[in-house]
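First comes the structure, then the notes that go with it.
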Amino acid sequence: MNPVALIAGPTASGKSAVAIALAKALAEAGKTGIVINADSAQVYADLQVLSARPSTEEMEGIEHRLFGTWDGSRACSAADWASKARVEIADCHENGAVPILVGGTGMYMNILLEGIAPIPEIDPEIRRHVRALPTQGAYSALQIEDPERALMLAPGDSQRIARALEVVRSTGTSLSDWHNAKTGGIAEDITLHPLVMLPQREWLYDRCDRRFGLMLEHGAIEEVEALLKRKLDLGLPVMRAIGVPEISDYLHGHIMIPDVIAAGAQATRNYAKRQYTWFRNQSPQDWTRSESKNIDIPDVFASLLRY
């Protein structure tokens, strides 16, 4: 089956550099590697700096796709991205190239590989009623109406509890059953060569701190100024991206630059921690994991380089 490389991990873990190194190693083996973005911030054209999207120089002549593809006025859902990624992956294979997925958005990767549940639109009235319930009340209702799903959730996980309850009430089918009916995944049609980068947390958090400071020096403030001029809906993902709210507060005169740096660095570390936990616990156990800062490409991707 056609190969697909996947390089995943938290922000600032060095994924982009590894993707470039893999593409170069493929070139030395007489193959072409094409990097495909799998990061929910780097899809937006408006977030060149704050998403740490690779610059032309950093791409080092390697073709990159789905970077800066979406305008910030349109939300890019995991399903939207997966649809585009499937097209790009198929195009790579048709032209004899190896797709190299790289990013930190686990949900993107999960939906691409495993597919998405064909859940119908939720009845708006049911959604309003469910979302108005206190968490304990919603959880108690879920224990009655979908006990299997309730057992899988923490009693305080308000968002997932509400989602499960609104689905079973609106469709008459449990969320677990919908998930079992997933369609559109490509996992069975490819040979996946995955790497999950999980470097030491202290090293990772130090990089997060330094990265945000450098972003401010290299145009992050101007990037947010341009976003604010567009007067986009504050609920859009691009307006909630790390650094945008913090810099917006500064531009509106609410905080000073030292506060921006502290808040932005903390938000980046928190995000990295969530990603780290997700990939450590949620990614398949047979995926190669590495705690090293220096990835041995010929060793980790030996079978891909030989294919």
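The values are calculated or read from the model by the stated rules, or taken from the named source; none is laboratory data. No experiment lies behind these values; they were computed from the predicted model shown. Don't worry about glycine lacking a Cβ; one is built from the backbone with ideal geometry, like all the others, and counts go over all protein chains shown. All accessible areas refer to the heavy atoms of the entire protein, side chains included, with ligands and DNA or RNA removed. Shrake-Rupley method; radii C 1.70, N 1.55, O 1.52, S 1.80 Å.
Among the residues of segment 224-241, is any closer than 25 Å to VAL98 by Cα and in contact with a strand residue (DSSP E or B) (Cβ under 7 Å, 6 or more places away or on another chain)? The answer is no, given that none of the residues of segment 224-241 is closer than 25 Å to VAL98 by Cα and in contact with a strand residue (DSSP E or B) (Cβ under 7 Å, 6 or more places away or on another chain).
For every residue, the table says whether it meets (1) within 25 Å of GLY213 (Cβ to Cβ); (2) β-branched (Val, Ile, Thr).
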{"residue": "THR11", "(1), (2)": "yes, yes"}
{"residue": "ILE36", "(1), (2)": "no, yes"}
{"residue": "ASP39", "(1), (2)": "yes, no"}
{"residue": "ALA45", "(1), (2)": "yes, no"}
{"residue": "THR69", "(1), (2)": "no, yes"}
{"residue": "CYS76", "(1), (2)": "no, no"}
{"residue": "PRO99", "(1), (2)": "no, no"}
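Taking helices (runs of 4 or more DSSP H) as the structural unit, those lying wholly within segment 48-152 and holding at least 2 residues that are hydrophobic (A, V, I, L, M, F, W, C) and either open to solvent by 70 Å² or more (accessible area, probe 1.4 Å) or over 25 Å from LEU305 (Cα atoms) (or both) correspond to 78-94, 106-114, 124-132, 135-145, 147-151. Given the criterion charged (D, E, K, R), under 28 Å from the mean Cα position of the chain (by Cα), surrounded by fewer than 20 Cβ atoms within 10 Å (Cβ to Cβ) and over 25 Å from LEU101 (Cα atoms), identify the matching residue among ASP189, ASP157. Going through ASP189, ASP157 in turn, the sole match is ASP157. Of all residues in segment 207-239, those satisfying the criterion of being of a type in the set (Lys, Arg) and either at pLDDT below 95 or closer than 17 Å to ALA272 by Cβ (or both) are ARG207, ARG210, ARG211.
Let's see how each residue does on (1) within 30 Å of ALA265 (Cβ to Cβ); (2) among the aliphatic types (A, V, I, L, M):
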| site | (1), (2) |
| --- | --- |
| THR135 | no, no |
| ASP177 | no, no |
| ILE190 | no, yes |
| ARG201 | yes, no |
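Criterion first (within 30 Å of GLU63 (Cβ to Cβ) and open to solvent by less than 70 Å² (accessible area, probe 1.4 Å)) does LEU165 satisfy it? Answer is no for this residue.
Per-residue answers, yes or no, for (1) open to solvent by 20 Å² or more (accessible area, probe 1.4 Å); (2) in a strand (DSSP E or B); (3) not basic (Lys, Arg):
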site	(1), (2), (3)
PRO199	no, no, yes
TRP203	yes, no, yes
ASP209	yes, no, yes
GLU222	yes, no, yes
GLU225	yes, no, yes
LEU228	yes, no, yes
LYS231	yes, no, no
GLY235	yes, no, yes
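For segment 173-183, check the following and say yes or no: at least one residue is open to solvent by 40 Å² or more (accessible area, probe 1.4 Å), closer than 20 Å to LYS15 by Cβ and either touching a Lys or Arg at 6+ places or on another chain (Cβ under 6 Å) or not in a helix (DSSP H, G or I) (or both). No: segment 173-183 contains no residue that is open to solvent by 40 Å² or more (accessible area, probe 1.4 Å), closer than 20 Å to LYS15 by Cβ and either touching a Lys or Arg at 6+ places or on another chain (Cβ under 6 Å) or not in a helix (DSSP H, G or I) (or both). If you filter segment 1-47 down to residues that are among the acidic types (Asp, Glu) and crowded, with 20+ Cβ neighbours inside 10 Å, you find that the one that is farthest from ALA97 (Cα to Cα) is ASP46. For MET215, are the conditions met, namely being part of a helix (DSSP H, G or I), more than 20 Å from ARG74 (Cβ to Cβ) and not polar (S, T, N, Q)? Yes: the conditions hold for MET215.
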